[in-house]
Amino acid sequence: MRIGKYQFEVGARTYIMGILNVTPDSFSDGGRYNSVQAAVDHALRMQAEGADIIDVGGESTRPGHTPVTAAEEIERVVPVIRALYEELGIPISIDTSKAEVARLAVDSGASMINDVWGFRRDPRLAETAAETGAVCCLMHNQQGTEYSQLMPDILNTLRESIGIAEAAGVKKSRIVVDPGIGFGKTVAQNIEVMRNLDQLNSLGYPWLLGTSRKSMIGKTLNLPSEERVAGTAATTVLGIQAGADFVRVHDVKENCRAARMTDRILRRPAAHIAFVALGSNLGDRMHYINSALNLLKEEEDIHVTEVSRVYETEPVGYTEQGKFLNGVARIETSISADLLLQRLLKIEQLLERKRDIRWGPRTIDLDLLFFDQDIISHPELEIPHPRLTERMFVMAPLNEIAPMWVHPQNNMRIFELTEQLRMDYALPKVYEAGR
């Protein structure tokens, strides 16, 4: 799923949506981040703690909240979103049920619309999502807590929201659903939904769980909102076990740690996801890069899904040689990492790769950088690639196509590792043939 310019590997790991309320009356943190600078500082802090999306809300949705006009909501959120767009390395979501707010938010830099009414309160919101290309999160909600059958009713309402979105022209690949914990449900009903979260998978869409600091946790544990971190983390783990792709939280650091530990135990994408670095500095360098990609595409059980631009870089290690062209490809495959390595070595042989000098000139070099979130170490293969975070000629193209990918050994995302490397190395230039 692509959210704005960012690729999200749905199924490979759980993504953390950090909550940024710029309201005076939100139940947990109302009034704390009302100034633009305070909001930006908090968003940057959540990004550093592991947030993958920042969800900006300008109207409280707590029970008994005072509604605000679209104009007032716009005045609260748009300056913040504009500032965040300049500062953040992750996408921005707008939490709103109003089409006017959503459109201006997207125009200001948001790339996701999070609607607690699932497009059933303002039908124009679905049209806005379709016209802007924003990803949309459709939450279950209703007036009152009366149900014929709790889970079937929730699923049917979510199907109605999905139907509204698709009828307006929203692509299936841009829809996320949310069971709406804490909305139109008693504590007992929320607990029952938590027990049956796996039923959301029957809808066939990624789904988000938002339980953070909610009354279900507070009333169960008899705790005020600021002491509900552990209870929230427990629901995060249960949600991931049931199949959640996104969790929306106030306490990013703690929930991010819980999610990454749970992912390490449970997650296994239907197809393995791998990243392969390509390099050449002999002969017709672009010919060798393209030939290697074509040979990869000819493999029945390897699917090349995305390729970065090609960068021209100075040699590293052995410097008495010509400049390299470098790029990175994302692939999906059903074969093991060891077998994939053998396929890469076979392609190198077909393209007359010679190994006379370590780090010396070569027609083609194919390095396996990542294979899922696996950590592999044996004489023939080390995953993740041991030197990739030291090589800007690898990190720049990798960051272009997979900025949100997590390095499983240091738990940092590619865009963060790239920013660290930029302190010592400049970004390489994109190669333009003929120049």
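The values are calculated or read from the model by the stated rules, or taken from the named source; none is laboratory data. Everything quoted here is computed from the prediction, not taken from an experiment. Backbone-built Cβ (ideal geometry, glycine too); neighbour counts: all protein chains shown.
Condition test on residue 226, is it in a loop (DSSP other than H, G, I, E, B) and among the acidic types (Asp, Glu)?
So residue 226 does not fit the description; no.
Can you tell which of 142, 149 is under 23 Å from residue 204 (Cα atoms) and free of Cβ contacts under 8 Å to residues at least 24 places away in the same chain?
149
Take the conditions at pLDDT 95 or above and assigned to a helix (DSSP H, G or I) and apply them to residue 244. Does it pass?
Answer is no for this residue.
Of everything in the range 200-223, what is in a loop (DSSP other than H, G, I, E, B) and within 22 Å of residue 261 (Cα to Cα)? Give them in sequence order.
The answer is 206, 210, 211, 212, 213.
In the range 164-199, what residues are in contact with a Phe, Trp or Tyr (Cβ under 7 Å, 6 or more places away or on another chain) and acidic (Asp, Glu)?
178
Filter the range 391-416 down to residues that are closer than 24 Å to residue 288 by Cβ and not in a loop (DSSP other than H, G, I, E, B), then give me how many there are.
10
Restricting attention to the range 156-170, report how many residues are in a helix (DSSP H, G or I) and at positive phi.
0
Could you please tell me which pairs satisfy a Cβ distance under 9 Å, a separation of 6+ or placement on different chains, a first residue in the range 93-113 that is at positive phi and surrounded by fewer than 22 Cβ atoms within 10 Å (Cβ to Cβ), and a second residue that is in a strand (DSSP E or B) and not charged (D, E, K, R)?
Within 9 Å, the pairs are 109/92.
Can we say residue 203 is closer than 18 Å to residue 249 by Cα, surrounded by fewer than 16 Cβ atoms within 10 Å (Cβ to Cβ) and of a type outside the set (Asp, Glu)?
no
Which residues, taken from the range 206-228, are under 23 Å from residue 253 (Cβ atoms), within 22 Å of the chain's Cα centre (by Cα) and touching a residue at least 40 places away in the same chain (Cβ under 8 Å)?
Scanning the range 206-228 gives 208, 210, 212.
Among the residues of the range 390-407, are any among the acidic types (Asp, Glu) and surrounded by fewer than 20 Cβ atoms within 10 Å (Cβ to Cβ)?
Among the residues of the range 390-407, at least one is among the acidic types (Asp, Glu) and surrounded by fewer than 20 Cβ atoms within 10 Å (Cβ to Cβ), which makes the answer yes.
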